[in-house]
Amino acid sequence: MPSVYDSTVAPAIVKVERLSVTYRATYETKPTLKGALLRMGRGQRAVREIEALRDVSFEVGRGGVTGVIGVNGAGKSTLMRCVAGILPPSHGRIEVHGRVSTLLALGVGFNRQLSGRENVVLGGLAAGLRRDQLAAKYEEIAEFAELGDFMDLPMRTYSSGMYGRLAFSVAINMDPDILLVDEALSVGDARFKRKSFDKMGELCAKAGTILLVSHALRSIRELCDQVIWMDKGKLVMHGDTDEVVDAYERYMEVGESEVALEDV
């Protein structure tokens, strides 16, 4: 199915062309001491190539939320890492126009020995903000995360929920043109989730663009303007949210069950 984005209206902010990613993994069928000794002589193991992404192409225009769905191992996270510039393509190309902020794994990039305040500073500098810009942003980040005095404590004292709230607050408050979110909306209580949804809506109102990976189909339906369905490294469908999610549910034979809709 062709992309719902019309490139004649405005240039794409994210353009993926024939993207493929292949991993090379070594393995041994039956690990044994004898096998380890034999490898010392040969210096090699069996090598298997894993095609994480295969010939994926799509475009995303400026503004709105594009959801990315699919079962575990479909290639969703690999796709996000490629768009973020973390993982280089094996084949194909990616064009990204604008400042990118990533929330690909909660707490990644944080130093557990440093305080929340110190990690905010490091995150802002890594995002390219000047110290004066970061100083103006700090209070907004801290207020959104709702961690109070914990901002001055080492992050090793944080719960996973606290990690997630601070990570989301840092990512969303860096004024990104493009925000990449991978399974990060289940942090915090229902009120914090609602606040997170509202904040992403504010970003979109400023012509920001969000790519959201999630298994929570209720969130996908509520937040997304269009959806990409990935399966076994391939793009199966890209189009209107309800059309793609309906097709995905039929494929999974689960319908709108509470299991499929639950934020996980």
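The values are calculated or read from the model by the stated rules, or taken from the named source; none is laboratory data. This one's a predicted model, so the numbers in the text were calculated from it and none came from an experiment. When we count neighbours, we look across all protein chains shown, and the Cβ atoms used for this are built from the backbone with ideal geometry, even at glycine.
Looking at segment 53-145, what helices (runs of 4 or more DSSP H) fall wholly within it and have at least 1 residues that are touching a Ser or Thr at 6+ places or on another chain (Cβ under 7 Å), more than 14 Å from residue 166 (Cβ to Cβ) and in contact (Cβ under 8 Å) with a residue 60 or more places away in the chain?
Those helices (runs of 4 or more DSSP H) do not exist here; none qualify.
For segment 102-111, check the following and say yes or no: at least one residue is out of contact with any helix residue (DSSP H, G or I) (no Cβ under 7 Å at 6 or more places or on another chain), surrounded by fewer than 13 Cβ atoms within 10 Å (Cβ to Cβ), more than 21 Å from residue 227 (Cβ to Cβ) and modelled with pLDDT under 90. Talk me through it step by step, then tell me what you get.
First, the residues of segment 102-111 that are out of contact with any helix residue (DSSP H, G or I) (no Cβ under 7 Å at 6 or more places or on another chain): 105, 108.
Narrowing the set further to residues that are surrounded by fewer than 13 Cβ atoms within 10 Å (Cβ to Cβ) leaves 108.
Now drop any that are not more than 21 Å from residue 227 (Cβ to Cβ), which leaves 108.
Checking the rest, the ones that are also modelled with pLDDT under 90 come to 108.
Yes.
Scan segment 146-160 residue by residue and report those that are over 23 Å from residue 202 (Cα atoms) and either in contact (Cβ under 8 Å) with a residue 12 or more places away in the chain or touching a Cys at 6+ places or on another chain (Cβ under 9 Å) (or both).
Of everything in segment 146-160, those that are over 23 Å from residue 202 (Cα atoms) and either in contact (Cβ under 8 Å) with a residue 12 or more places away in the chain or touching a Cys at 6+ places or on another chain (Cβ under 9 Å) (or both) turn out to be 150, 151, 152, 153, 154, 155, 156, 158, 160.
List the strands (runs of 3 or more DSSP E) inside segment 151-264, counting only whole elements, that have at least 1 residues being over 22 Å from residue 124 (Cα atoms), modelled with pLDDT of 85 or more and among the hydrophobic types (A, V, I, L, M, F, W, C).
Passing ranges, in order: 209-213, 226-231, 234-240.
Based on what the data block shows, is residue 163 within 14 Å of residue 114 (Cβ to Cβ) and among the hydroxyl-bearing types (Ser, Thr, Tyr)? Outline the logic, then answer.
Working: within 14 Å of residue 114 (Cβ to Cβ): yes; among the hydroxyl-bearing types (Ser, Thr, Tyr): yes.
Answer is yes for this residue.
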